[in-house]
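Visitor: Attaching a single structure in structure tokens format; questions to follow.
The values are calculated or read from the model by the stated rules, or taken from the named source; none is laboratory data. Just so it is clear, the model here is predicted, and its values are computed rather than measured. Note that we place each Cβ from the backbone using ideal geometry, even for glycine, and neighbour counts take in every protein chain shown. Areas reflect the complete protein model, heavy atoms only, side chains present, ligands, DNA and RNA absent. Shrake-Rupley method; radii C 1.70, N 1.55, O 1.52, S 1.80 Å.
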Amino acid sequence: MSGKSINLEDIWPQERDFISRPERYKYVRKIVKPEGCVFCNEANLGPKGKGLCIFKSQQAMVVVNKYPYNTGHLLVLPIRHVGHLWDLQEVEYSELMFLLKKSVEIIEKVYQPHGLNLGMNHGKVAGAGIPEHLHWHIIPRWNGDTNFFPLIAETKVHPETLEQSYEKLLPEFEKLEI
Ligand SMILES: [Zn+2]
């Protein structure tokens, strides 16, 4: 992605402030979702496209999260627009699990975190932001990193930009054979 700017506005959901009742100057925060599914859009763009997809195989892909909880936050997901684990075919599931493992190995190599959170929120009620397209989170963790994330203030410190994370991880994903 060197030398090209990323315009993710058309792909990823955006957080926007709206005035809901102008007389009271009350602002509400809404998530504005663009046309179609963000992950399907990313799949169509593929690696080194204008999006954040960093690796794509026949059945699964890896995407750098636009809204990272920590540096190096990746998403691993099926190419197919599937919202339930039980709808995945065996071949999709095995490629996903393979990519999940490989992504962890790459994060380990590139960032040397002290630990990792791996998980999936299955369904809206479980906290999935985009429940209609399954995605696993890989979140690198460092000792004391919670100090950087004042959850109440919604202010997160990320020592690295998305572009930097992408550039750092891409060479390792380019070596990956599936
Ligand atoms: Zn989708």
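Visitor: Could you please tell me which pairs satisfy a Cβ distance under 8 Å, a separation of 6+ or placement on different chains, a first residue in the range 67-94 that is in a helix (DSSP H, G or I), and a second residue that is among the basic types (Lys, Arg) and within 16 Å of the ligand (Cβ to nearest atom)?
Guide: 92/80
Visitor: Please work out which one of (1) of a type in the set (Gly, Ala, Ser); (2) in a loop (DSSP other than H, G, I, E, B); (3) under 20 Å from residue 55 (Cβ atoms) is the condition residue 129 fails and give its number.
Guide: If we test residue 129 against (1) of a type in the set (Gly, Ala, Ser); (2) in a loop (DSSP other than H, G, I, E, B); (3) under 20 Å from residue 55 (Cβ atoms), just (3) comes out false.
Visitor: Here's another thing I want to ask about it. How about the range 28-58: which of its residues are buried (at least 19 other Cβ atoms within 10 Å of the Cβ), within 14 Å of the ligand (Cβ to nearest atom) and in a loop (DSSP other than H, G, I, E, B)?
Guide: Once the filter is applied, which keeps residues that are buried (at least 19 other Cβ atoms within 10 Å of the Cβ), within 14 Å of the ligand (Cβ to nearest atom) and in a loop (DSSP other than H, G, I, E, B), the range 28-58 yields only 51.
Visitor: Taking the options 96, 116, 74, name whichever one is of a type outside the set (Phe, Trp, Tyr), open to solvent by less than 20 Å² (accessible area, probe 1.4 Å) and more than 16 Å from the ligand (Cβ to nearest atom).
Guide: 74 is the lone residue from the list that is of a type outside the set (Phe, Trp, Tyr), open to solvent by less than 20 Å² (accessible area, probe 1.4 Å) and more than 16 Å from the ligand (Cβ to nearest atom).
Visitor: Can you say whether residue 126 is modelled with pLDDT under 95 and aliphatic (A, V, I, L, M), as far as the supplied structure shows?
Guide: yes
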